[in-house]
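Written below as structure tokens is the structure these notes are about.
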Amino acid sequence: MYTVPYSNVGKGGFLLLNGKRYHTPSWIEVEPDTTYDNIIIEKRPFEELFVESKNEKQWKYKSASSDKEYTVRYNAAGNLSCDCWGYIGHRKCKHITKTKELCGI
């Protein structure tokens, strides 16, 4: 069994490189007969916990490609955070950019 970090690509994939088999995107070397059943995704809480407050400012954005709604708000560190995959994966997104434009931040 292999424990790999959480990523937005599910259990990832396998790659044969120079005679060795690797799990991607973690780049952990695995045994040649490793299957997806041998992969355990490490579930970590987000580093940035949202501040829960009744007076909390938040901005909502409708997804352009689905019926989802994303929320931008201040996290415990006092920075803007978003719950969309772009922010989760890259720590930046169009929703935060738009919020900063709207608020003059």
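The values are calculated or read from the model by the stated rules, or taken from the named source; none is laboratory data. Since this is a predicted model, take the numbers as computed values, not measurements. FYI the Cβ positions are ideal-geometry reconstructions off the backbone, even for glycines, and counts take in every protein chain you see.
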What single numbered condition from (1) among the β-branched types (Val, Ile, Thr); (2) touching a helix residue (DSSP H, G or I) at 6+ places or on another chain (Cβ under 9 Å); (3) in a helix (DSSP H, G or I) fails to hold for THR99? (2)
Those residues of region 1-35 which are closer than 26 Å to ILE88 by Cα and basic (Lys, Arg) amount to LYS11
Number of positions in region 52-79 that are assigned to a loop (DSSP other than H, G, I, E, B) and touching a residue at least 24 places away in the same chain (Cβ under 8 Å): 3
Condition check for SER7: more than 23 Å from the chain's Cα centre (by Cα), outside the structural domain of TYR87 (by TED's automatic domain parsing) and at pLDDT below 85: no
Enumeration of residues in region 13-50 that are part of a strand (DSSP E or B), surrounded by 14 or more Cβ atoms within 10 Å (Cβ to Cβ) and modelled with pLDDT of 90 or more: PHE14, ARG21, TYR22, HIS23, THR24, ILE28, VAL30, ILE39
Within region 80-95, is there a residue that is part of a helix (DSSP H, G or I), more than 12 Å from the chain's Cα centre (by Cα) and at pLDDT 85 or above? yes
Subset of region 61-97 (residues that are loosely packed, with under 15 Cβ neighbours inside 10 Å and of a type in the set (Asp, Glu)): ASP67, GLU69
